[in-house]
1. Assuming a viscosity of 1.306 mPa s and a temperature of 10 °C, what translational diffusion coefficient in µm² per second does Stokes-Einstein assign to the chain, Rh being the Kirkwood radius over Cα pairs?
2. Within 12 Å, Cβ to Cβ, of Val249, how many net charges do the neighbouring residues add up to if Lys/Arg are +1 and Asp/Glu are -1?
3. Once you list every other residue whose beta carbon is under 14 Å from the beta carbon of Thr146, what net charge do they have if Lys and Arg are +1 and Asp and Glu are -1?
4. Rounded if a/c is under 1.5, else prolate if a/b beats b/c, else oblate: with a ≥ b ≥ c from the C-alpha gyration tensor eigenvalues square-rooted, which is the range 179-300?
5. Just the Cα atoms of the range 196-239: what Rg and Dmax do they give in Å?
6. Just subtract the alpha-carbon distance of Leu263 and Lys169 from 0.36 nm times their residue separation and send over the number in nm, one decimal.
7. Could you tell me what percent of the accessible area of the range 132-288 is made up of carbon and sulfur, with a 1.4 Å probe and every protein chain present?
8. Rolling a 1.4 Å sphere over the protein heavy atoms, what is the accessible area per residue of the chain, to the nearest Å²?
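The values are calculated or read from the model by the stated rules, or taken from the named source; none is laboratory data. Here the structure is a predicted model, which means the values were calculated and not measured. Note that each Cβ is placed from the backbone with ideal geometry, even for glycine, and that neighbours are counted across all protein chains shown. What goes into the accessible areas is simple: the full protein's heavy atoms, side chains included, and nothing from ligands, DNA or RNA. Shrake-Rupley method; radii C 1.70, N 1.55, O 1.52, S 1.80 Å.
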Amino acid sequence: MKAMRENMVTIDSDGVDPDLVPKKLLDSGARIPCIGLGTFGSDKISGEVVAETVKSAAAVGYRHFDCASVYANEHLIGESLQDLIRSGIRREDLWITSKLWNDNHGKHDVIPACEKSLKDLRLDFLDLYLVHWPFPNYHPPGCDVTSRNPDAKPYIHENFMKTWRQMEKIVDMGLVKHIGTSNMTIPKLKPLLRDAEIKPACNQMELHPHFQQPELYDFVVDNGIVPIGYSPIGSPNRPERDTTPEDTVDTEDPLIIRIAERLNVHPAVVCVKWAIQRGQIPIPFSTNRRNYLSNLRCTVQASLTDDDMQAIESIDKNCRLIKGQVFLWKDNQSWEDLWDLDGEITPP
Ligand SMILES: NC(=O)c1ccc[n+]([C@@H]2O[C@H](COP(=O)([O-])OP(=O)(O)OC[C@H]3O[C@@H](n4cnc5c(N)ncnc54)[C@H](OP(=O)(O)O)[C@@H]3O)[C@@H](O)[C@H]2O)c1
């Protein structure tokens, strides 16, 4: 196959030159690619397949990979990253995110957890390290929606700040370039922004056409934090524990289908394109070459029209898919308690 060359690195002939993929500027001056590849196999796709996909996705032009220790595949992705770097991709041209899992919020846990991710990923530093959830509540891989940790705790700002101070420390130690949050709410972000010495560079949050979170999105952007949108396609293969009968399906929305037909793309690609044009960084997961390539390609293809963007804004259904039930900390709670819907941190 005839191939383009980026620096000394070969890109598949039908791929996208990574230099052409738009980047977003962070407050630090760093530039993050406007799309990343998700690596959570949803308890269904093996780590080996995900790790192999990282290599082939790099061959079509991906440079941004969204990892997490809880996905239990960082040791395999690390082999792929090492191969990519040996093949000539410069470390500074990659953007690698990892996340602190919930059972490592303790006083002496953050540095070793970060070091373990670095070792597994075979890297000297991470571009971004996120606190995966603001709850220190462990749940076992593959558990179902009723699973509860008997030691589960609510969000307590004072405790979160102890974790955050360690996050700041790993920046000072040079282990990570940026730190950030995930699954936060405005009531939790406000005191963090007040108390942080290093404010979050990015906030990872669920974002797709049926769940646009406009208030949180605006809050984050207004505070100079870059929003990273997870489950940008509405996570059609998400684990059972994250599925309820009320959930809606973005890719079956008549408007999304109509736009996709006009553009001759899969409805998933319309979701990705909308995310990028709105301003968040989508991190779609796929192990299917045709699919992850079309997600990347849409970053350099014609824009959705203003009418498309306005029409998609109007189909928001406030439909949260990743509700987080397994993090609840006492009986008779509902998942809404995790998300501070009353505008205040839900009391313990
Ligand atoms: N911070 C957090 O708490 C959190 C939570 C959830 C997810 N995440 C991150 O976000 C990433 C993405 O979220 P997600 O995996 O939940 O859902 P998603 O990206 O919305 O959906 C992934 C699914 O969409 C399909 N797909 C992707 N591109 C497609 C295309 N062009 N055409 C048709 N189908 C397509 C994939 O199937 P194929 O493989 O068949 O293409 C896959 O099953 C995760 O991998 C993870 O890195 C973070």
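1. In µm²/s, the coefficient rounds to 77.
2. Working: positive: Arg238, Lys317; negative: Glu246, Asp247, Asp250, Glu252, Asp253.
Taking every Cβ under 12 Å from that of Val249, the sum is -3.
3. Working: positive: Arg148, Arg241, Lys323; negative: Asp144, Glu240, Asp242, Asp331.
Taking every Cβ under 14 Å from that of Thr146, the sum is -1.
4. prolate
5. Rg then Dmax for the range 196-239, in Å: 12.0, 38.
6. That works out to 29.1 nm of additional length.
7. Values: 3370 of 6480 Å².
The value for the range 132-288 is 52 percent carbon and sulfur by accessible area.
8. Numbers: 15500 Å² over 348 residues.
Per-residue value: 45 Å².
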